[in-house]
1. Once the Cα gyration tensor of the range 347-435 is diagonalised, what are the square roots of 5 times its eigenvalues, in whole Å and ordered largest first, as equivalent ellipsoid semi-axes?
2. Along the charge dipole of the chain, Cβ charges K/R +1 and D/E -1, which of 480, 8, 546 sits furthest on the positive end?
3. Taking θ = phi - 60°, what integer Hz values does the Karplus form 6.51 cos²θ - 1.76 cosθ + 1.60 yield along the range 205-210, in sequence order, with x for Gly and Pro?
4. For the range 26-77, what log10 I(q)/I(0) values come out of the Debye formula at q = 0.19, 0.21, 0.27, 0.31 1/Å, with one point per alpha carbon and no solvent?
5. Take residue 51 and residue 144, extend 7 Å from each Cα along the Cα→Cβ direction, and tell me the distance between the two endpoints in nm.
6. Hey, what's the chain come to in accessible area per residue, 1.4 Å probe, Å²?
7. My understanding is that a pair violates if its Cα-Cα distance is over 24 Å; which of 531/641; 95/152; 21/527 do that in this structure?
8. Using the charge dipole of the range 605-741 (Lys, Arg: +1 at Cβ; Asp, Glu: -1 at Cβ; taken about the Cα centre), state which of 662, 640, 709 has its Cα farthest towards the positive end.
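The values are calculated or read from the model by the stated rules, or taken from the named source; none is laboratory data. These figures come from a predicted structure and were not determined experimentally. For neighbour counting, all protein chains shown are included, and Cβ atoms are generated from backbone atoms with ideal geometry for every residue, glycine included. The accessibility values were calculated without ligands, DNA or RNA, using every heavy atom of the protein model including side chains. Shrake-Rupley method; radii C 1.70, N 1.55, O 1.52, S 1.80 Å.
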Amino acid sequence: MARIVDLAEVSESDLETVGGKAGKLGELVRQGLPVPPGFVITTEAYQAFLDATDLHRTVPEALGTIQTDQPATVEAASQRLRSAFETTDFPPELKAEIVAAYEAFVKKHAVRFSAVRSSATAEDLEGASFAGLQDTYLNVAGIENILTSVRKCWGSLFTPRVLVYRQRKGFDHATVRLAVLVQQMVDATVSGILFTKDPNTGENHMIVEAAFGLGEAVVGGEVTPDHYVVDGASLKLVHKQISEQKIQLVRGPQGGNVREEVPAAQRKAQKLPDQRLQRLVSLARVIESHYRRPMDIEWCGDKESLFVVQARPVTTIPTSTAAATGGERAEGAAGTVKEGEAPVLRGFGASPGVAMGSVRILRGAAEMEKLKPGEVLVTAMTTPDMVPAMSQAAAIVTDEGGMTCHAAIVSRELGVPCVVGTREATTVLKDGLEVTVDGKTGVVYKGFLPRGPATGAGTAAAPVGAIASGGAHHEGVPVTATKIYVNVGVPEKAEEYARLPVGGVGLLRIEFIFTAHVRDHPLALLKRGKKDELVRRLAEGIGKVCQAFHPRPVIIRTSDFKTNEYRGMPGGEEFEPTEENPMIGWRGCSRYISPVFKPAFLCELEAIHRVRTEMGMKNAMVMLPFVRNTWELEEIAEMMKAQGLKRSRDFQLYLMAEVPSTVLLARDFSQHCDGFSIGSNDLTQLVLGADRDSETLGRMGYFDERDPAVQRAISLLIEGAHAEGRTVGICGQGPSVYPEFAEFLVREGIDSISLNADTVLSTIRTIASLEQRMKLAGVRQRTST
């Protein structure tokens, strides 16, 4: 990809070059949603900046000095790196490109002020939002200020708070890169955030928060916003709480942001009139439908229009009922304090769980050292610099903020109970006071109080993040006849996901290991004589997942990049053709048997064999994607045998069922495999003739795996595979998004369902309920005949 691209030209598939924020916004532009125009200075530009300057030595040297258990080393490395980025001049050629792009952008859109926003490759992902951790600069005017802001954004990859957060979330500092998004600045009169699903309880409610002025005041917790609750099914407003707002953040006369008082007559006014609220939730429904998962949306509005300025997955939807345990901190514990106790404070429940500890009031990030592990952090509002302290707190209580402020978002990801918007925590509570914090109900009690059991529908639960720290247990999770597996993307999340009550990994996409650990096009590495490095990196990534789940099976899907995706990898243009429709082009098994790509595929097989032999991870299995014919399987089987991977009792081979030929000839394909996994997106695309990338068809409702034709294809596959003694599973979001689709699969006899981690526990309960109903129905039928 070029070093600078128009926002309208990018999508989520460009994550490695444009970052999470820009990739998702580009996707929304393509859907025709109102997103301010802009351009992206890609990670290729970031890498060029490093390679052409002394930074290519400075960055690894500074990172090498960090010892995570010594905060002083983190701080010293951060200061060195940020200073180096901010004082290093742009290479002349790169500077000229940015200047030309900015001037064209200003001319085309009549831009006066811009927003300069960080967009990292490890950002806005499921399980890690990096909320507010990298820099953003608003109301920037003039090219010199743009260039300065870009350098500062790049440097913000290495602030202490980002280094700590990345370490906690399992990301490798050396592999994360940063793109910068430059957008036209909206002169916002109202801003806020919207969750398409309640992030605290998991209920089907949209949560909307709104405040006058720029949204930075909401995210930063400087103001307590209006709070609206909208029914997720009917989109009707069911609750609103109007907050008094005394200050707002607005554009300064010469740019930048200034604080000004809200006129007295407006302070208690509803920030978002009902009509605009309905327009906003309608936009949110479209975004959620596109991504098919709960979304966290930042929005703003001028006097006439509403705009979407960020959209990312909700990373912390509660998925389990975890019994509260003793100790100072019960991360994500779903229990609540027993009734009858009088609270000393009330606010918004922002992160579920009950925790007890002694109060420690912090007046800002400079006082973080005062907090001892297990104390309750009390502050006016957290800032991104306070993440190290937040990670050690038993609970967090703030004066200001709503459910979408920094404290709320980060505490949910850390699994720390949190109450925000209490108005007076820093004055009512005193250092050393023993308190009990209930993050579900939003109340704080004086003293250490007993907790009641978590019962009833809608009880808050541990986010997946709590599992990593051992705070979540799975008492009460029902057993299902349908096997449940989890999908794993990046290996760094394996240990966390391995604590879920699943039978193993149903889908480990090797592409994510390529993008996160390898980066370069495999054929480019082979051309440079780096085969050993390629195999080693793949084996390390695969091995990390297999070790975490051992002895449970890990099904590794070999690479399924399309040509347009491979071309975007460093060195890819030399080896990849340009195809009109890559979705049905040179992908999957057709690559493996081609003389051009075969050497790269053999490296994948060698890496898997190394994991099974040298690491002893016999739980590593293989799944082949986009299979079209049985004759290609015969050739691939011979290649696998040559690499020591032959089907046997302890090594299974699975096929993705994505092409209708595998459905129509399921019994024939069964002779070459041990089971199938339905790829519902591709199967839907090819059964209905509906390009899954077509915005028009998507908006018109053509792309839907619940279509009778798609369901008939699934039924045929299950029937044919079972006749030959083969299993059939599905790996995708459909069963978790559509309960009726899950019921269809269970009734048809699906053997397994592999899910995204954040939906595992809730979907287990859904499936258990379905199986119980089917069992009862069968009993009734037998007794009535």
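1. So the equivalent ellipsoid measures 16, 14, 13 Å along its semi-axes.
2. The one lying farthest along the dipole's positive direction is 480.
3. Along the range 205-210, the couplings run 10, 8, 10, 10, 10, 9 Hz.
4. Log10 I(q)/I(0), no solvent term: -0.74, -0.78, -0.99, -1.07.
5. Reported label-point gap for residue 51 and residue 144 is 3.1 nm.
6. Working: 30130 Å² over 785 residues.
With the other protein chains kept in place, the chain gives 38 Å² per residue.
7. Correct reply: 21/527.
8. Positive-end residue among those listed: 640.
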